[in-house]
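Nothing in this text is a laboratory measurement; each read-out follows from the coordinates by a stated rule. Worth saying up front: this structure is predicted, and the values here are computed from it rather than measured. As a convention, Cβ positions derive from the backbone with ideal geometry for all residues, glycine included, and neighbour counts pool all protein chains shown.
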Amino acid sequence: MKKTVDLRIDAGWIVPVEPAGVVLQQHAILVHEGRILALLPSDQADAGFDATETVDLPGHVLFPGFVNAHTHAAMSLLRGLADDLPLMDWLNRHIWPVESAFVSADFVRDGTRLAIAEMLSGGTTCFNDMYFFPDVSAQVCEQAGMRAVVGLIVIDFPSAWAGDWRDYLRKGMALHESLRNSSLVSCAFAPHAPYSVSDEPLAEIARLSAENGLPVHIHVHESEDELRSSVEQYGVRPLARLDRLGLINERLLAVHGCHLDDAEQTLLAQKHAHVVHCPQSNLKLASGFCPVAGLLDKGAHVALGTDGAASNNDLDMLSEMRSAALLAKGVSGDPTTLPAHQALRMATLSGAEALGMADETGSLTTGKWADMAALDLHALNTQPVYDPVSQLVYAAASQQIQHVWVAGRPMLRHGELLSLDTDKVIGTAQAWRARIAEHIAGNQT
Ligand SMILES: [Zn+2]
């Protein structure tokens with residue numbers, strides 16, 4: 001008697017990411033109640049199972065959906081607003097003034113929707129966010145069926161979302177409580193950066209993180225300026241300050257890490273902290289180069305993120321993965337650094353590990369949620385296929401991603417978004433651009 005499952009997908013190539021380096025052919029993946037029931041040879045699937053829905057993708061490579069381990073989703077509405085500037089000038093003179101005039105629940109709802117539509121279209125099935133109104137971001141994710149970790153932002157200055165650090169934390173913890181039963185959305189603390197959050201809130205976050213087992217997601221060692229001002233103000237570099245405050249541990253996601261000396265790399269490795277590498281943002285802001293080879297050699301965990309669309313300027317994990325693989329070789333002077341399969345792991349499973357979600361997503365493993373993407377390799381730029389992972393990392397374009405599932409639910413089918421209306425999302429973004437551009441023009445006259 002055959003067992004009936006919800007969904008069976010046969011793909012030309014299946015890359016589970018776990019075990020490392022494996023590429024399967026003539027295999028099928030079976031999904032039931034949103035989770036991966038089995039990954040097995042197609043003939044065994046024929047013999048043992050019927051499926052309510054079958055999807056046959058002979059020219060595609062099926063792999064775990066990308067985990068974008070650092071972004072600011074709502075900032076998609078500021079894409080291309082202020083390019084080609086240094087970090088502090090970009091933040092102080094352009095981004096923060098516009099944010100203080102426009103950030104609201106509506107801005108976050110519409111910007112997050114734009115970001116989710118872009119991410120799902122590019123094969124991302126989970127993202128780690130840092131922005132104001134995380135309650136609104138969480139709601140948008142639930143409505144769209146997107147997996148996310150929303151950041152409980154804390155910053156020293158008031159915003160439309162909260163007044164002071166106690167208010168930020170109070171609202172954040174209330175959101176965490178309200179999401180306890182969500183299978184899609186969870187929380188991490190998201191103090192913005194060592195230069196924008198004082199010791200007292202950071203110490204309280206360290207305490208609450210330990211008590212609740214929540215990750216802490218913070219920009220750190222992004223620019224030379226940040227290091228200089230920390231030494232002037234606190235007498236130590238930011239990472240040493242975070243260590244003093246009890247924040248360097250397995251729950252830490254240290255975003256950027258462009259300037260890490262050997263001792264700092266060793267500290268992060270020994271304490272099992274995670275570095276989130278954002279190569280395109282670092283290149284665009286000329287922040288520096290994350291020492292990926294050194295970190296990996298020392299056994300540190302490195303995940304991958306796009307950062308926000310205002311500093312990237314897209315949320316395309318496929319191109320981010322390629323940038324990471326190429327940059328790691330260029331920076332280390334060693335072409336064997338960050339090979340294709342390891343780059344794919346960095347963009348998937350390593351992100352899930354950083355977020356404490358490796359039992360739930362990040363690889364095509366029995367029991368995990370069926371968070372998956374399928375890319376059509378039948379294109380001039382990805383033929384012939386010796387190793388589909390080489391094509392994914394070094395040759396493919398995100399437009400070749402044709403199918404995406406989150407928890408077994410189809411999100412993208414033949415390149416069409418199912419849970420969001422693309423035209424409506426674009427129309428709303430254009431309306432925001434008009435308002436913001438008018439405001440900037442008004443301030444200049
Ligand atoms: Zn960022």
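Key figures for this structure:
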quantity: Eligible lysines near LYS298 by straight Cα distance, threshold 16 Å, same-chain separation 8 or greater; calculated: LYS271
quantity: The chain, dipole about Cα centre (Lys/Arg Cβ +1, Asp/Glu Cβ -1), debye to the nearest 20; calculated: 300
quantity: Candidate lysines for bridging to LYS368, where Cα separation is under 22 Å - those fewer than 8 sequence places away on the same chain excluded; calculated: LYS3
quantity: Whole-angstrom Cα spans of segment 1-128 along principal axes, big to small; calculated: 66, 31, 22
quantity: Helix-only [θ]222 nm of the chain, DSSP H runs n ≥ 4, -39500 (n - 2.57) each, per residue, nearest 500; calculated: -11500 deg cm²/dmol
quantity: On Cα atoms only, tilt of 422-444 relative to the major axis of the chain in degrees; calculated: 20
quantity: Most to least packed among 369-375, 254-260 [average Cβ atoms within 10 Å]; calculated: 369-375, 254-260
quantity: DSSP-assigned coil residues among trypsin sites (Lys or Arg not before Pro) in segment 389-445, each with at most 11 further Cβ atoms within 10 Å; calculated: none
quantity: Cα-based reach from LYS329 at 16 Å (exclusive), listing aspartates and glutamates while leaving out same-chain residues under 8 positions away; calculated: ASP297, GLU320
